[in-house]
1. In a loop (DSSP other than H, G, I, E, B), more than 31 Å from the chain's Cα centre (by Cα) and exposed (fewer than 10 other Cβ atoms within 10 Å of the Cβ) - does that describe any residue in region 10-17?
2. Out of (1) more than 17 Å from Trp51 (Cβ to Cβ); (2) out of contact with any Gly (no Cβ under 8 Å at 6 or more places or on another chain); (3) part of a loop (DSSP other than H, G, I, E, B), what's the single condition that is false for Pro69?
3. State whether one or more residues within region 19-34 are assigned to a helix (DSSP H, G or I) and open to solvent by less than 100 Å² (accessible area, probe 1.4 Å).
4. Going by the structure shown, is Lys86 in a strand (DSSP E or B), within 13 Å of the chain's Cα centre (by Cα) and crowded, with 18+ Cβ neighbours inside 10 Å?
5. Output the residues belonging to region 108-151 that are among the acidic types (Asp, Glu), closer than 17 Å to Ile87 by Cα and open to solvent by 70 Å² or more (accessible area, probe 1.4 Å).
6. Could you list, in sequence order, the residues of region 39-80 that are open to solvent by 60 Å² or more (accessible area, probe 1.4 Å) and closer than 20 Å to Gly129 by Cβ?
7. If I ask for residues that are at pLDDT 90 or above and open to solvent by less than 100 Å² (accessible area, probe 1.4 Å), which ones from region 89-107 would you list?
8. Using beta carbons and a limit of 7 Å, which pairs, at least six apart or on different chains, have the first residue in region 9-33 and touching a residue at least 60 places away in the same chain (Cβ under 8 Å) and the second one open to solvent by 100 Å² or more (accessible area, probe 1.4 Å) and part of a loop (DSSP other than H, G, I, E, B)?
Amino acid sequence: EIREELANLGAELLIKTIPDYLNGKIEPQPQNHAQATFTKKFSLGDGKINWHKSVQEIFNQIRALNPEPGTWTTWNGQKLKISAAKISTSQPNHAHEEIYVGKVYKEKDLIYIPTAKGHLELIRVQLEGGRAMGIHDFARGHINFIGTQLN
């Protein structure tokens, strides 16, 4: 989402800026290296989801690392890529059972995972060797998914 937004903003800025630069009205300025920050190149391992983190941390990880290198967990010994999710705004009702971090739950039309703090609603997933699909299609095709533990 942010890549597309920044691409549009950058294109607009270039259209406004290039004529002034070519006419000498804009003087290039070097960056302040004392304020510059660096990050490492992300690897596949950075995409592994730790369900014991807060829902906000996991949500940010999914947004930051998709589409590449992607975010993932394991289910039934296979990688399950999670390409879209959202923070649950409703509080699921667990009065009838104990909840477990990383366990797949379904309530009404929501499929979600409890985290250390909050619940993550799954939207789009892709099982290793399969195609990406909406979570409801995935759950219909994998009837044993609900109630299992993600690692």
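The values are calculated or read from the model by the stated rules, or taken from the named source; none is laboratory data. Worth saying up front: this structure is predicted, and the values here are computed from it rather than measured. Glycine also receives a Cβ, built like all others from the backbone with ideal geometry; neighbour counts cover every protein chain displayed. All accessible areas refer to the heavy atoms of the entire protein, side chains included, with ligands and DNA or RNA removed. Shrake-Rupley method; radii C 1.70, N 1.55, O 1.52, S 1.80 Å.
1. No - not one qualifying residue is present in region 10-17.
2. Just one mismatch for Pro69, condition (2).
3. So far as region 19-34 goes, yes, one or more of its residues are assigned to a helix (DSSP H, G or I) and open to solvent by less than 100 Å² (accessible area, probe 1.4 Å).
4. no
5. Listed by number, the list holds a single entry, Asp109.
6. Leu44, Lys48, Pro67, Glu68, Asn76, Gly77, Gln78, Lys79
7. Hits for region 89-107 are Val101, Gly102, Lys103, Val104, Tyr105.
8. none
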